[in-house]
1. Considering segment B:1-24 alone, what residues qualify as being surrounded by 13 or more Cβ atoms within 10 Å (Cβ to Cβ) and at pLDDT below 95?
2. Could you figure out which of (1) of a type in the set (A, V, I, L, M); (2) assigned to a strand (DSSP E or B); (3) surrounded by 19 or more Cβ atoms within 10 Å (Cβ to Cβ); (4) at pLDDT 95 or above isn't true of B:Ala84?
3. Just give me the residues in segment A:71-92 being under 21 Å from A:Asn23 (Cβ atoms), surrounded by fewer than 19 Cβ atoms within 10 Å (Cβ to Cβ) and over 10 Å from the mean Cα position of the chain (by Cα), in sequence order.
4. Could you check segment B:58-75 and list, in sequence order, the residues that are within 14 Å of chain A (Cβ to nearest Cβ), in a strand (DSSP E or B) and loosely packed, with under 15 Cβ neighbours inside 10 Å?
5. Take B:Leu79 and decide whether it is surrounded by fewer than 18 Cβ atoms within 10 Å (Cβ to Cβ), without any contact (Cβ under 8 Å) to a residue 60 or more places away in the chain and in a strand (DSSP E or B).
6. Can you pull out the residues in segment B:32-57 that are under 30 Å from A:Thr102 (Cβ atoms) and either away from chain A (no Cβ under 13 Å) or not in a strand (DSSP E or B) (or both)?
7. Restricting attention to strands (runs of 3 or more DSSP E) lying wholly within segment A:69-110, give those where 3 or more residues are within 11 Å of chain B (Cβ to nearest Cβ).
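The values are calculated or read from the model by the stated rules, or taken from the named source; none is laboratory data. Note that this is a predicted model, so its numbers are computed, not measured. A quick note on method: Cβ atoms are made from the backbone with ideal geometry, for glycine too, and the neighbour counts reach across all protein chains shown.
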Amino acid sequence: DAKTTQPNSMESNEEEPVHLPCNHSTISGTDYIHWYRQLPSQGPEYVIHGLTSNVNNRMASLAIAEDRKSSTLILHRATLRDAAVYYCIPTKTGANNLFFGTGTRLTVIP
Amino acid sequence: GAVVSQHPSRVICKSGTSVKIECRSLDFQATTMFWYRQFPKQSLMLMATSNEGSKATYEQGVEKDKFLINHASLTLSTLTVTSAHPEDSSFYICSADPEGGYNEQFFGPGTRLTVL
């Protein structure tokens, strides 16, 4: 499984955009890139996923580098409810088990 | 959206007793469910994959005789921590992989186990 490197923590002011980076330089050509987040004392929740193209949904945007060795999760306007640990997880096509790394703890400042 | 529940949400037990944790998919069927363990300030660690109608697949280092998994129906998986000890105290989280081409897993709210 591809290893990931994420900053341990990041801070953002409320209502400002947040860019959460993830390095996954050992990703294979068919691995998807999933992002999940975990709010305090809760189970994780799905945020977004992609393969090669940038992706947008109601929660966030995912920008994937052309060489696929890194990706960036973009929260367009951080709210206090976005304070969580964000995990980027490469997943093999057809596989459904998730291996969580250490993630990035996002703090949103009012 | 798809909902996964866990019961109980928290449990305190004495050392040496067994504890059963239930994971249910409330509005969808799941052939496959997963069990994770999370220690304080650490990430989730995948313990095992629970397969409906067959034996669970355990990750390396997870004792299958200590953590018994039963997936008797398409909406229920149970994890039994046998002869629990204080070092088993942790946050146990399940997830379910819905049938039908979903690209995400749905996680339960977790069960906090404290072994005295």
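1. B:Ala2, B:Val3
2. Against the list (1) of a type in the set (A, V, I, L, M); (2) assigned to a strand (DSSP E or B); (3) surrounded by 19 or more Cβ atoms within 10 Å (Cβ to Cβ); (4) at pLDDT 95 or above, B:Ala84 comes up short only on (2).
3. A:Lys92
4. If the condition is that a residue be within 14 Å of chain A (Cβ to nearest Cβ), in a strand (DSSP E or B) and loosely packed, with under 15 Cβ neighbours inside 10 Å, then no residue fits.
5. Taking the combined requirement at face value, the residue does not satisfy it.
6. First, the residues of segment B:32-57 that are under 30 Å from A:Thr102 (Cβ atoms): B:32-51, B:56-57.
Hits for segment B:32-57 are B:Phe39, B:Pro40, B:Lys41, B:Gln42, B:Ser43, B:Leu44, B:Ala56.
7. A:84-91
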